[in-house]
Amino acid sequence: MPKRVLIITPNFPPVNKVSSLRGYYLARAFANRGWDVEVLASSGNGEDQSLVREVSGFSITRTQDGLRWGVIQTILTLFYKRCKRSNEQINVVISTYGPSSSHVLGFFVKLLHHPCVWVADYRDLWCSGSYYGRELRGPISSIIVPFVERFLVKFSDFVVTVSSGLASNLSRFLGREVSVVYNGYESFIENIPQSHAHVGHLQICYTGTIYRERNPALLLETISELEEAGDIPKGIVRVVVAGRIDGDLQEELSRFVERELLIYKGFLSREDSYAIQCSSDYCLIAEDYQATKKGVVTGKVFEYIGSKKPIIALGVAPDSELADIINRAGLLAYCGQDKSDLAQFIRRAVSGICYKPNDEFISNFEREKQTMHFVDIVS
């Protein structure tokens, strides 16, 4: 009888979110090894459903209210299913945080199917730290919830996360070893036609959500000031954005849209986003300086690396893990948050700068390779 794995993930194709891909590639890797694969994910009602991937060979259960609010319903559903199919032992359960209910479900599956191996996977931190200066407040948030996290996760057999910085954080918080499996990029990105220049202008792309801590305004303001000062021709640089923009920033960025400095494409399918990345001269990461010092490595960086385009790492600390990865990939064009340095870089970029990607290093971050590392940890 083949071994059985249950993957608990907040999103799964066709829900067009990056969290869908981590669970999907895990499911595919286990299926390719001959395992029976069950996936528990939210239905993604109201979300974009354009992430088309081959999902045959998986048994997928979707909760209508999402994993976060449907946790009690989902636990009861799991108990009911397991009682009906008690002879079908789950050998491995993988729960991906967030939301926290993923690990709650992983804990219950571990109890139901002892000696099932439980892997607690962290795409983000739960209680052990704040990226953006938000502190846990009140007795429930600051005392009870961290206790619950430690209590639950101590029953897991392995803990995995997405960067070395987060692994160090979790290791201190949980008092145990934590493995690192990066998010990586889909290998077919390398086959998308590349464009290294645009007639009449330089194109910088940002594909992802824009919110207060990840805001390209500094770059846009710098380009605008250089144009007004006559340091660069007007219209020579364009910033193309594809993704959601938080409501409080839409008005702030609208003035750049009116000046045709920012070209807003709206929310696109992942394939269309990949095409924009591969046809741009530079890809842009906008991140919080302190967050990168704490070990945040946005999954978007691997898509950019896979596109093999130079990266503007706006707001990224030069001594961070994120900066190191981009630099070792041979794609670090600019890093930091100093406006004068940024202006100097833009002047040089308009004249043309050559970059040589480190293909050998980049290939380590193919999703298939990172996923096989994950599978090897637990099987």
Within the range 201-211, can one find any residue that is buried (at least 18 other Cβ atoms within 10 Å of the Cβ) and part of a helix (DSSP H, G or I)?
no
Condition (residue is closer than 19 Å to residue 334 by Cα and in contact with a Lys or Arg (Cβ under 7 Å, 6 or more places away or on another chain)) applied to the range 228-236: is it met by at least one residue?
yes
Among the residues of the range 1-25, the number that are without any contact (Cβ under 8 Å) to a residue 60 or more places away in the chain and either crowded, with 21+ Cβ neighbours inside 10 Å or assigned to a strand (DSSP E or B) (or both) is 6
Which of the numbered conditions does residue 299 fail, given that it passes all the others? Conditions: (1) touching a Gly at 6+ places or on another chain (Cβ under 9 Å); (2) farther than 24 Å from residue 47 by Cα; (3) touching a residue at least 40 places away in the same chain (Cβ under 8 Å).
(2)
From the list 356, 308, pick out the single residue that is under 22 Å from the mean Cα position of the chain (by Cα), at pLDDT below 95 and not small (Gly, Ala, Ser).
308
Identify the residue in the range 311-353 that is under 24 Å from residue 229 (Cα atoms) and free of Cβ contacts under 8 Å to residues at least 12 places away in the same chain and, among all such residues, is farthest from the chain's Cα centre (by Cα).
351
Looking at this structure, is residue 298 crowded, with 19+ Cβ neighbours inside 10 Å and part of a loop (DSSP other than H, G, I, E, B)?
yes
Check every one of the helices (runs of 4 or more DSSP H) wholly within the range 316-379 and list those with 1 or more residues that are within 25 Å of residue 186 (Cα to Cα) and in contact with a strand residue (DSSP E or B) (Cβ under 9 Å, 6 or more places away or on another chain).
321-328, 359-363, 367-378
Among 53, 134, 28, 33, which is surrounded by fewer than 20 Cβ atoms within 10 Å (Cβ to Cβ) and at pLDDT below 85?
134
Would you check if residue 177 is free of Cβ contacts under 8 Å to residues at least 24 places away in the same chain, more than 22 Å from residue 9 (Cβ to Cβ) and either buried (at least 20 other Cβ atoms within 10 Å of the Cβ) or not polar (S, T, N, Q) (or both)?
yes
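The values are calculated or read from the model by the stated rules, or taken from the named source; none is laboratory data. Predicted model, so just to flag it, every value in this text is computed and none were measured. When we count neighbours, we look across all protein chains shown, and the Cβ atoms used for this are built from the backbone with ideal geometry, even at glycine.
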